[in-house]
Amino acid sequence: MESSTSTTDAGQVTLREVEPGDADACAQIVFDAFGAIHDHHGFRRDFPAVEAAAGLMGMWIPHPAVWGVVAELDGRVVGSNFLDQRDPIRGVGPITIDPEVQNKGIGRMLMEAVLERGKDATGIRLVQDGFHMRSLALYTSLGFDVAAACIMMEGKPRSEPVPGVEVRPVTGDDLEECEALCVRVHGFPRTGALRDALGPFAPFAAVRDRRIVAYASTLTFWPMAYGVAENDDDMKALLLGAAAALDQPIGMLIPLQSPLFRWARDEGLRGVKPMNVMALGEYREPRGSWFPSVLY
C-alpha cells in the first residue's frame, strides 16, 4: 500500500502501512478507545491496562499474515486497523481511533483500506460490540450484515466432566484433524489461528472414540477464543473438561440462537456483554456447534 492523504473533518489524514515503531502509539489508542467506549456504556473494559493492549499489538503488528494500516494527523498516529489473513475467511480488527478525533471520518478510511486489501477473499468477518451503535452503522454502511448475535460468557461450570470423552491439550499433530473438523462445521479452515494459539493460549480438544469431535483455540483469553464441535453435546463435553483442567474461569462468545447459551446460564456462567458477528461476502450457517473469537 502506498501512503495516501485525504481531507476529513479532523484535517488532512494520511494512511500508511503499520510499522514496528508504531506499536506503542497503537497500543495506547487501543487502550484509550476501547476504554472510553466501555466506560461510557457501563461495561467492563476489554483491556484493563495498557499493557494488555501492548501485548496484542506486539503480536499483531509483526505477524507476517496480519496486515495493518495506521492513520496519521499532523504526523501523529491517531488510529489503526488490521486484517487477519491467516485463513481463507479474513478477519478485521481491532480498529481503534483516538477518542479526541473520533466521528470525523477516520474510521471509515481505515475500514475502506482493509476492505480493499481483502477484496479478493471469499469472505470477511468482524465482531462488533452490540451496544455500540456508531460502529454498527459504519459496518452496515460498508456492506456487512449481522450473521449472529452473541453474548460474552464467563465462569466455572457447575457440572463434572463427561465420562467417555477425553479433553486434552491440542498438539501440532492434531492440526490436520482439527482442520477437517472446522471445514465440516464452517466450510472453511481456521488452522492459521489455531497454530498460533498452540504456544501462548493452550488450545483444548475433546476426543471421543479416538476422534477429535471438538476443539477450542483457548478458553482463558476470550478475544482469541474460537471453538467448533460436531454437535452441542461434544461442545459441552469440551467446555466441562477444559474447565476442570484449568485453575481459572473459562470465557467465550456464545451465539444467542445456540442451545449452548441456555446451557451456559444453567451451568452458572455469567453474561458480560453483547456482541455481533458481522459478515461481508460468503457466509454459511455452521453445520455443528461453534463460537467465534473477537479477532474472527
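The values are calculated or read from the model by the stated rules, or taken from the named source; none is laboratory data. Computed from a predicted structure; not experimentally measured. Please note: Cβ atoms are built from the backbone with ideal geometry, for glycine as well, and neighbour counts cover all protein chains shown. Accessible surface areas use protein heavy atoms only, side chains included; no ligands, DNA or RNA. Shrake-Rupley method; radii C 1.70, N 1.55, O 1.52, S 1.80 Å.
What the table shows:
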| quantity | calculated |
| --- | --- |
| Computed Rg/Rh of the stretch 113-205, alpha carbon atoms with Kirkwood Rh | 1.04 |
| The stretch 182-221 shape via C-alpha gyration tensor axes, a/c threshold 1.5 | oblate |
| Environment charge of Leu260, counting only residues whose C-beta is closer than 13 Å and scoring Lys/Arg +1, Asp/Glu -1 | -2 |
| Euclidean distance of C-alpha centroids, the stretch 96-152 and the stretch 155-210, integer Å | 29 Å |
| Gyration tensor (alpha-carbon) shape descriptor, the stretch 190-296, a/c threshold 1.5 | rounded |
| Neighbourhood charge, 12 Å Cβ-Cβ cut-off, centred on Asp84 and excluding it, Lys, Arg +1 and Asp, Glu -1 | +3 |
| Square roots of 5 times each gyration tensor eigenvalue, C-alpha, the stretch 18-164, largest first, Å | 26, 20, 18 |
| Simple spin-label estimate for Ala65 and His40 in nanometres, 7 Å along Cα-Cβ | 3.5 nm |
| Of Phe31, Phe43, Phe144, the one that fluctuates the most in a GNM where the chain has Cα springs shorter than 10 Å | Phe43 |
| Accessible carbon and sulfur surface of the chain relative to its total accessible area, %, 1.4 Å | 49 percent |
| Under 29 Å, Cα to Cα: Lys pairs in the chain, sequence gap 8 or more or different chains | 5 |
| Gaussian network model of the chain, Cα within-10 Å springs - most flexible of Pro64, Pro274, Pro223 | Pro64 |
| Projected-area mean, the stretch 36-89, by convex hull of Cα positions, square nanometres | 5.3 nm² |
| Placed amide H near Val162: partners under 5 Å, 5+ positions off or other chain | Gly241 |
| Theoretical gain in end-to-end length, Val50 to Arg158 [0.36 nm per residue, Cα-Cα removed] | 35.5 nm |
| Accessible solvent surface per residue of the chain, calculated while the other protein chains remain in place, 1.4 angstrom probe, Å² | 43 Å² |
| Acute angle (nearest 10 degrees) that the helix 50-60 long axis makes with the longest principal axis of the chain, alpha-carbon atoms | 90 degrees |
| Whole-Å semi-axes of the stretch 71-140's equivalent ellipsoid (Cα gyration tensor) | 21, 15, 10 |
| Gaussian network model of the chain, Cα within-10 Å springs - most flexible of Trp60, Trp222, Trp263 | Trp263 |
